[in-house]
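The values are calculated or read from the model by the stated rules, or taken from the named source; none is laboratory data. The structure presented is a predicted model; accordingly, all values stated were derived computationally and were not measured. Here Cβ is always computed from backbone atoms with ideal geometry, including for glycine, and neighbour counts include all displayed protein chains. Side chains included, ligands, DNA and RNA excluded: accessible areas come from the protein's heavy atoms. Shrake-Rupley method; radii C 1.70, N 1.55, O 1.52, S 1.80 Å.
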Amino acid sequence: MAEGERQPPPDSSEETPPATQNFIIPKKEIHTVPDMGKWKRSQAYADYIGFILTLNEGVKGKKLTFEYRVSEAIEKLVALLNTLDRWIDETPPVDQPSRFGNKAYRTWYAKLDEEAENLVATVVPPQLAAAVPEVAVYLKESVGNSTRIDYGTGHEAAFAAFLCCLCKIGVLRVDDQMAIVFKVFNRYLEVMRKLQKTYRMEPAGSQGVWGLDDFQFLPFIWGSSQLIDHPYLEPRHFVDEKAVNENHKDYMFLECILFITEMKTGPFAEHSNQLWNISAVPSWSKVNQGLIRMYKAECLEKFPVIQHFKFGSLLPIHPVTSG
């Protein structure tokens, strides 16, 4: 067998779908509150939470600056996100009476809507071209809502679902785990923060001071995992400005805290009460476990968030199949 025709290693073969897989355009399946049972029993839920927890384990105790493998697929995903970033620069906010929800966001979004499949095709190899329309839906869902000009954890979940789908079709592999969080997801966060700031996006379904954060959740989970067994940074340190300024480039959690303090005024305990409470937890592993429980309860088990989630052949609504 010629060098170029070598079979993929066994660990990646299970990630590669059969050639006969019928890809479909994902659609909403959770229409009423009683439908939530279908979601919790679904293959999509099991695969999604499994993906989140695998990455949580993969980044445990690692700094953002840690050396890790960067595959071609990871580089292509970063290039895709760089394109989205460039489009923000090319679409300045417009003058309008209302302070929030700048309508220029709709122009930016229309461009993504039009180009999403072409962008995804740059990441997916030609033999998997049939998967592009299905996977691209999750990318389009991951940047906010163009009608309401808002962004929230449901949009963030769509980006995680987008990455999960790329794993399922074998574009991303097991050894890409650290780069998925540190390089791709971190770049995604930077672009989302720029969108939120530039177009003054509203938080989707915000719980105000009682929510963890107006916009994100996953970087707090993965970011707390990074800090497990840290020699000197404890949860109480993330409300200390000096500790955050000195360490935010290494830790996703502290980067999130820095962004909150840039965007909000007043005492931290008032504008981010949940986080303030978390700073009293004694260890990062306890913080991490608590945040995973909270994510399930506050995001994945909330109808207003999950009613927007879309299901296809890669993240199916059918109940978990064993084996």
Check your understanding: K60: which lysines have alpha carbons under 21 Å from its alpha carbon, excluding same-chain residues fewer than 8 sequence positions away?
Key -> K183, K249, K286, K296
Check your understanding: Taking the Cβ of I74 as the center, what net charge do the other residues with Cβ under 12 Å away carry, scoring Lys and Arg +1 and Asp and Glu -1?
Key -> +1
Practice item. Taking 7 Å along the Cα-to-C-beta vector as the label spot, tell me the Q43-T261 distance in nanometres, rounded to one decimal. Key: 4.6
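Could you tell me what fraction of 2.2 N^0.38 Å the Cα radius of gyration of the stretch 83-131 comes to, as a two-decimal ratio? Intermediate results must be reported in sequence, preceding the final value.
Working: Rg = 14.7 Å, N = 49, 2.2 N^0.38 = 9.7 Å.
Rounded to two decimals, the normalised Rg is 1.52.
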Check your understanding: Using alpha carbons only, how many degrees (0 to 90, rounded to 10) separate the axis of helix 252-263 from the longest principal axis of the chain?
Key -> 50
Review point. More than 19 Å apart: what percent of Cα pairs in the stretch 93-160 qualify?
Key: 41
Study note, to complete from the structure: So, over other residues within a Cβ distance under 12 Å of E301, counting Lys, Arg +1 and Asp, Glu -1, the net charge is +3
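Give me the tail of P(r) for the chain as a percent: Cα-Cα pairs with distance above 36 Å.
Numbers: 8744 of 52003 pairs.
In whole percent, the share of Cα-Cα pairs in the chain beyond 36 Å is 17.
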Exercise for review: With N denoting the number of residues in the stretch 35-181, provide Rg(C-alpha) divided by 2.2 N^0.38 Å, to two decimal places.
Suggested key: 1.15
**Study point:** Dipole in debye (nearest 20) - the stretch 211-290, about Cα centre, beta carbon charges: Lys, Arg +1; Asp, Glu -1
**Key:** 160
Revision key, fill the gap. Taking max minus min of the Cα coordinates of the stretch 237-321 on each principal axis, largest first, gives extents in Å of 49, 27, 23
Practice item. Could you name the aspartates and glutamates whose alpha carbon sits less than 20 Å from that of K27, not counting residues in the same chain fewer than 8 places away? Key: D35, D47, D113, E114, E115, E117, E134, E141, E156, E301
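If R₀ is 51 angstrom, what is the calculated FRET efficiency for the pair R293 and S98, using the beta carbon separation as r and rounding to 0.05?
On the way: r = 37 Å, r/R0 = 0.73.
That pair, R293 with S98, gives E of 0.85.
Between E234 and E270, take the C-beta separation as r, use R0 = 30 Å, and let me know the FRET efficiency to the nearest 0.05. Let's see the in-between values first.
Values: r = 22 Å, r/R0 = 0.75.
It comes out at approximately 0.85.
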Point to revise | Hz values of 3J(HN,Hα) by residue in the stretch 55-64 - Karplus curve (6.51, -1.76, 1.60), Gly and Pro given as x | key: 5, 4, 5, x, 9, 4, x, 10, 7, 4
Point to revise | In degrees, nearest ten, helix 72-89 long axis to first principal axis of the chain (Cα) | key: 50
Check your understanding: Tilt of helix 284-295 relative to the longest C-alpha principal axis of the chain, in degrees (0 to 90, nearest 10)?
Key -> 70
Point to revise | Evaluated at q = 0.09 Å⁻¹: base-10 log I(q)/I(0), Debye formula over Cα of the stretch 168-302 | key: -0.27
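Give me the percent of accessible area attributable to carbon and sulfur for the chain, probe 1.4 angstrom.
53
Can you give the local net charge around M252? Use residues other than it whose beta-carbon is closer than 14 angstrom to its beta-carbon, Lys and Arg +1, Asp and Glu -1.
On the way: positive: K60, K62, K63, K183, R187, R193, K249; negative: E156, E190, D213, D250, E255.
Neighbourhood net charge equals +2.
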**Study point:** Charge dipole (the chain, unit charges on Cβ, about Cα centre) - positive-most of W87, W222, A157
**Key:** A157
